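Q: Take a look at the following structure, please.
The values are calculated or read from the model by the stated rules, or taken from the named source; none is laboratory data. Not measured: the values here are computed from a predicted model. Glycine also receives a Cβ, built like all others from the backbone with ideal geometry; neighbour counts cover every protein chain displayed. In case anyone asks, the SASA skips ligands and DNA or RNA and just uses the protein heavy atoms, side chains included. Shrake-Rupley method; radii C 1.70, N 1.55, O 1.52, S 1.80 Å.
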Amino acid sequence: MPVQRQPGCCVMTQTTHMEFSVQGLTCASCVARAETALRAVPGVRGATVNLATRTAQLDMEAGHLPDVRQALKTAGYPMQLSRQTLQIQGMTCAGCVARVEDALGEVPGVLEVSVNFAMRQADVQFAEGAVARNALIRAVRDAGYEAGFETAEDDGAQDRADQEIAQARRLTLIALGLTLPVFVMEMGGHLFPQFHHLIARTIGQHMSWLIQFVLTTAVLIGPGAVFFRKGVPALLRGHPDMNSLVALGAFAAWAFSSVALFVPGALPPGAQAVYFEAAAVIVALILLGRWLEARARGRAGAAIQRLVGLQPRTARVDRDGETAEVEIDSIAVGDILQLRPGERVAVDGAVLDGRSHVDESMITGEPAPVAKGQGDWLVGGTVNGSGVLRYRAERIGRDTMLARIIQMVQQAQGAKLPIQAVADKVVRIFVPIVIAVAVLTVGAWLMFGPDPKLGHALVAGVSVLIIACPCAMGLATPTSVMVGSGRGAEIGVLFRRGDALQSLSRLRMIAFDKTGTLTMGQPALTDLRCAADWSDDAVLALIAAAEAQSEHPIAHAVLAAARDRDLQLRTASQVEALNGAGLRARVEGRTILIGSARLLRDSGVDAGDLAADAQALQEQGKTPVLAAIDGQIVAVLGVSDPIKPGTRSALQHLRDDGVRIAMITGDAKGTAQAIAAELGISEVMAEVLPDGKRDAVMQLRRQFGAVGFVGDGINDAPALAEADVGLAIGKGTDVAIESADVVLVSGDLAGVVNALHVSRATLRNIRQNLFWAFAYNAVLIPVAAGVLYPAFGVLLSPMLAAAAMALSSVFVLGNALRLRALRPVQRDSDTETPQAMSDPSPIAAK
């Protein structure tokens, strides 16, 4: 979870002056109310609000900014907030994350800080106008790290990652090259006595130790200097980190060995031994681990790089009567572009002419190419087939779908999940505890250990310092989130909020909107049954004329049927939409009322004999629409909306996963029950008006606990926002997508199943990583301290401790990378084909 400034946390005695922007101020009364709200906050010494600049100035004690924010929100004048992403350099363990978060959180005006160790990024939320961005950089530098601003067009992330890998590789190879002779000279004699005798006869033991001293010193002041440059200052500031542990351990082994080499008389009898190989191997192996870790992190972030790589650099644009190849950044909305076979679409736009098939699998996850013709939408980054297309640029730059996908993935990858909270708390106190354990270990060996006491104490103390690994705890969650959300994006599932990864895994109830979500959203008129004294064409012409100005899918179905019959339509007037229940209009001097049985009943119209026909249509799973002219019932229409391909199998997958299914629809109960029975849906909430879907979600939550909601329309936005996890169909409206936590790019309900599986696999992976990280430290720190020595005579070598520590982080990263192998559970190309809810009968008169 992001670190939040809490009242009373890090409270300072002095008062801080602050100025920030406020929203919603329109008059002097607003100013008075805002000032009253501010002055009522505990800790605020004085407050003034300026209407002209839309700002508030106040003097307050540190730590009360969240209270100020809440007070303004309650008063109706919310604080204007800003976010800034920083690239952080120099973080080497989870303890560094805590220190950077603390440093940024102490900057006056900062509200929330979230640092992602795996991505080396910090996301800072602050009051607009209260924080100079350079103050954030200074805070990070004062904590001992480097920081820089990330821009929307920042292309340097991959370059920085490549440089980090190259630097880690160079240092590792140098360290290994210097360490190998030390290791062979010292350990070779232990493993092969003949080799020990050979050294004694040729260069002698003293010269061997001297060579080891020179090489080990070169390791420590060369590639190993990074541990001392970062670890010693952190130790002196009272905030030791992983570098401090390595520096202490390696220096202790080197210093003891140096005393044994140059001043042996200063040590007790029997303690004159050297551990140069331990100091050198510690540094070399930990550098090796960091190299492997950097490579693994690069692979973990590969999803973003693949998405960025989909964007072409140039495009062919018609300008001044000629076609020229221009840079992608110079394309403007309205430009006409040429797309040749095999080329990538440059920006989002609409096809003007030409026909082709476009491969959209890299964006939507759908394997089959999609036919494109005049009026169809093209998505930037997709690949044209064999045809030639001309299209008009409609969305460019950061507004394209590809750019929005990249932004969503980056936001999700940088998020902290609630499950990480325990690890964050442990990491903050981990290193000081380890140092204390190492000191106690040395003391215990000196007091109770066998001879040589000092040698055993040194080995055990250094092993404790080296084997402890907060890095695994720090990487456990963010690396899995990075890989899991990236893999989700590759199969058409975008997590707009990272914590939705965790919330989604806990859902046991998912509610679906019907039209456009479970169904195609393209209803067709299948039945027309008229009163005895009315003809089909006359009724259909009047109804179609009234519906001509409506955007409702049923209106489109009626108009399509009228066009099929070549009916001449009059112009309707006084058209009035009736809150999702139908519409009223005037056509040729007649009053036309079209809608549900309830609408006609509330309007005093008796359905008469046609009521039975409406009931029969409901039982067939069709939507009955009744029509009245001048207050008399004239017809009942049957409208059927085909089920989307893959819907039945997707819902069955969810049931197999233990998820209950509900459907929320405005259809009549009979129609809804027939559709639900066909799809195997147990919970049905019918005749729900558009503004009642949010209440329906709340009711389901009271019955079943955490609820997910899947929808696609503007009227689904409140329900999407209310649900514990809102999943928006990617081909739906922008309002629905912005209200959702998860976006299903392809529009196929298989995306719901895939989202659930990505979520559960990611959470399972995180739990595995956290278990490993905690179990590793809980088991091996006591072993390093020598707990097995009394019973088994086993004392862990510092070299083995360094190898274990280096591999612990690599294990966590390797486990997270397994998420890249996740496969979609289901595709659009399953065996189902589009079909109506029930067999449509021809339009027929009764």
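Q: I429 to E687: extension gain in nm, 0.36 nm per residue of separation minus the Cα-Cα distance?
A: 87.3 nm
Q: OK, next. For Q574 and R306, FRET efficiency with R0 = 51 Å and r from the beta-carbon atoms, rounded to 0.05?
A: Values: r = 55 Å, r/R0 = 1.08.
After rounding, the FRET efficiency stands at 0.40.
Q: Please work out how much accessible surface S603 shows to a 1.4 Å probe, ignoring ligands, DNA and RNA, in Å² rounded to 10.
A: Approximately 50 Å² for this residue.
Q: Report the label-to-label distance for D695 and E327 in nanometres (one decimal), using points 7 Å from each Cα along the Cα→Cβ vector.
A: A separation of 5.6 nm, rounded to one decimal place.
Q: Among the listed pairs K669/K693; K514/K669; K372/K644; K644/K693; K514/K693, give every one whose C-alpha distance is greater than 18 Å.
A: Details: K669/K693 15 Å; K514/K669 13 Å; K372/K644 20 Å; K644/K693 21 Å; K514/K693 12 Å.
Result: K372/K644; K644/K693 exceed 18 Å.
Q: Determine the order of Y275, Y145 by accessible area, beginning with the largest, at a probe radius of 1.4 Å. Working shown, then result.
A: On the way: Y275 45, Y145 10 Å².
The ordering from most to least exposed comes out as Y275, Y145.
Q: Provide E490, E588 ordered by accessible surface of protein heavy atoms (probe 1.4 Å), highest first. Before the final figure, lay out the partial values.
A: Working: E490 50, E588 110 Å².
Most to least solvent-accessible, the answer reads E588, E490.
Q: Another question about this same structure. In Å and on Cα atoms, what radius of gyration and Dmax does the stretch 398-491 show?
A: Answer for the stretch 398-491, Rg first and Dmax second: 21.7, 72 Å.
Q: For the chain, return all DSSP H helices satisfying: extent of Cα atoms along own axis at least 27 Å; mean Kyte-Doolittle hydropathy at least -0.5.
A: 157-191, 242-262, 276-300, 421-448, 470-490, 750-785, 798-817
Q: Okay, next question. Provide the net charge surrounding S682, with neighbours chosen by a C-beta distance below 14 Å and charges set as Lys +1, Arg +1, Asp -1, Glu -1.
A: Details: positive: R508, R655, R660; negative: E678, E683.
Net charge in that neighbourhood comes out at +1.
Q: Under a crude label model (7 Å from the Cα following the beta-carbon direction), how far is R237 from Q84 in nanometres?
A: About 1.8 nm, to one decimal.
Q: Any idea of I435's accessible area? Nearest 10 Å², probe 1.4 Å.
A: 40
Q: Could you tell me the accessible area of M401 in Å² (1.4 Å probe, neighbours in place), rounded to the nearest ten?
A: 60
Q: In whole Å, how far is the Cα centre of the stretch 780-800 from that of the stretch 383-410?
A: After rounding, the separation between the Cα centres reads 59 Å.
Q: Follow-up question, since we're still on this one. On the protein heavy atoms, probe 1.4 angstrom, tell me the percent of accessible surface of the stretch 63-214 carried by carbon and sulfur. Walk me through the intermediate numbers first.
A: On the way: 4080 of 7150 Å².
Summing carbon and sulfur atoms, their accessible area is 57 percent of the total for the stretch 63-214.
Q: Let me ask something else. Can you list residues from other chains, or at least 5 along the same chain, whose modelled amide H is less than 5 Å from the amide H of A662?
A: Placed amide hydrogens put I510, A511, F512 under 5 Å from A662.
Q: Compute the distance in nm between two label points, each set 7 Å from the Cα along the Cα-to-Cβ direction, one at D533 and one at D606.
A: Between D533 and D606, the label points sit 1.4 nm apart.
Q: Full-extension gain between A560 and H17, please, as 0.36 nm times their residue separation minus the C-alpha to C-alpha distance.
A: Numbers: separation 543, 0.36 × 543 = 195.48 nm, distance 6.60 nm.
Result for the pair: 188.9 nm of gain on full extension.
Q: What is the projected area of the convex hull of the Cα atoms of the chain, averaged over all directions, in nm²? The partial results should precede the final answer.
A: Details: hull surface 188.5 nm².
The orientation-averaged projected area of the Cα hull of the chain comes to 47.1 nm².
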